[in-house]
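The values are calculated or read from the model by the stated rules, or taken from the named source; none is laboratory data. Predicted model, so just to flag it, every value in this text is computed and none were measured. Cβ placement follows ideal geometry from the backbone for every residue including glycine, while neighbour counts extend to all protein chains displayed. Just so you know, the surface numbers come from the protein's heavy atoms only, side chains and all, with ligands and any DNA or RNA stripped out. Shrake-Rupley method; radii C 1.70, N 1.55, O 1.52, S 1.80 Å.
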Amino acid sequence: MKNKNSLIPAEKSAGNIWSEKARFRVKNRKWLGYSSKIALRIMSAMEDIPGMNQKKLAAMAHVSPQQIHKVVKGQQNLTLESIAKFSDILGVELILFPSFKYNQSLAISFFVDGGECYLDIPFTGYMPVYSANLEYSSFSQLNYTPSQNIQIIRL
Amino acid sequence: MKIESIFANDYGSLLSIKYNDQIQDEFNRLFDLWSDTQYLFTFCKQNEQTIFNDYYRISRLEDFVDKIKNEAWVLESMFLDYFNNEAGERDPLSIFFLPYHPQEYALSVLQLSKAKVIDRRVQKPALRLYALRLDNNNFIITGGCIKTTEAVQECQYNMAEIAKMNAVRNRLRAKNIEIYDDLIYYYEE
């Protein structure tokens, strides 16, 4: 069978270009996804600032317009420093961090005068047991002593 | 109009049209576009009246952008796996490309064909690649689009791509190109 490559001489370059890009996109899918989400937020924030455009953002961030062009395409591996800089310029948080065990609150349910109430207690990794014997005038002035028989519900 | 080769071997070939007014061939151009967040952002805003509908059940721009990027990743992975599979015989390329007209069961010369994501995890795939079939296992990509409506006839992008497919078919027929081996006689226009 004829070598099919000879039928279309010197035409492999498009295939090579595509396969290199495809491998890159497949291999780096995760951070490209992060970059895309940041790009969307940058474009959204720019819409809300009168007179803001890519050129102006580049000038304020002291980068080239070409760099901003790549950023909004969602194809830049941004540094934390760059993300923080854009956040400050645009006045929005471009990234937020998910809850984790050291910033989660517990809700403690207890009964006061026949009704059920909840109290937020910061979770420090140590879970004391709080008393049912609570005195309070408002929820912000609750006094408690360690004891038993409290149902602790994680928020 | 130029015909670029994406890959070609004894089992089959994937070719791609490069139109005179474009810098890239269609295969490269489309995958670059579908991974471009700025392009997708603009596309969604221009088409929000149609894409946020009962068919896709998406109401947020970011969700639609994520959908397209995910599909492009899956579709590109399908072709990349095929491209990288050097060992032994491969499945024919026709596993990716189906006749455009579903009622066509027999293969025909320069048959209008389409490819989309075939993956159970992807509901209602929106991306389309359009191609002409040359022989059993050789295809020329003529274009592609993001389908914005349930019915193809209601989507301006699909209809434009179908017109392109027909135009390329007519031009190849005019040059008596109907099978892969005829391409040796094709000169760039």
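Within region A:77-91, not a single residue is among the hydrophobic types (A, V, I, L, M, F, W, C), assigned to a loop (DSSP other than H, G, I, E, B) and open to solvent by less than 30 Å² (accessible area, probe 1.4 Å).
Can you pull out the residues in region B:150-189 that are among the polar types (S, T, N, Q), modelled with pLDDT of 80 or more and on the phi < 0 side of the Ramachandran plot?
Passing the criteria: B:Gln156, B:Asn158, B:Asn166, B:Asn170.
The residues on offer are B:Phe97, B:Phe41, and the sole one that is aromatic (Phe, Trp, Tyr) and in contact with a helix residue (DSSP H, G or I) (Cβ under 9 Å, 6 or more places away or on another chain) is B:Phe41.
Across region B:14-69, the number of residues qualifying as open to solvent by less than 30 Å² (accessible area, probe 1.4 Å), part of a helix (DSSP H, G or I) and more than 14 Å from chain A (Cβ to nearest Cβ) comes to 1. Of all the residues in region A:1-37, those that are modelled with pLDDT under 90 and not in a helix (DSSP H, G or I) number 7.
Among the residues of region B:115-146, the ones that are outside any strand (DSSP E or B) and among the hydroxyl-bearing types (Ser, Thr, Tyr) come to 0 in all. Within region A:51-66, being within 15 Å of A:Ile83 (Cα to Cα), touching a helix residue (DSSP H, G or I) at 6+ places or on another chain (Cβ under 7 Å) and either of a type in the set (Asp, Glu) or free of Cβ contacts under 8 Å to residues at least 12 places away in the same chain (or both) holds for one residue alone: A:Ala58. Every listed requirement among (1) farther than 29 Å from B:Asn9 by Cβ; (2) open to solvent by 10 Å² or more (accessible area, probe 1.4 Å); (3) modelled with pLDDT of 85 or more is met by B:Lys116 save one, (1). When you scan region B:151-159, do you find a residue that is open to solvent by less than 20 Å² (accessible area, probe 1.4 Å) and in a loop (DSSP other than H, G, I, E, B), even just one? Checked region B:151-159: at least one residue is open to solvent by less than 20 Å² (accessible area, probe 1.4 Å) and in a loop (DSSP other than H, G, I, E, B). Consider B:Ile140 carefully, then state whether it is within 14 Å of another protein chain (Cβ to nearest Cβ) and of a type in the set (A, V, I, L, M). So B:Ile140 passes the test. For A:Met52, the conditions (1) in a helix (DSSP H, G or I); (2) aliphatic (A, V, I, L, M); (3) away from chain B (no Cβ under 14 Å) are fulfilled apart from (1). Of the residues that make up region B:125-148, is at least one open to solvent by 10 Å² or more (accessible area, probe 1.4 Å) and among the small types (Gly, Ala, Ser)? No, the conditions are met nowhere in region B:125-148.
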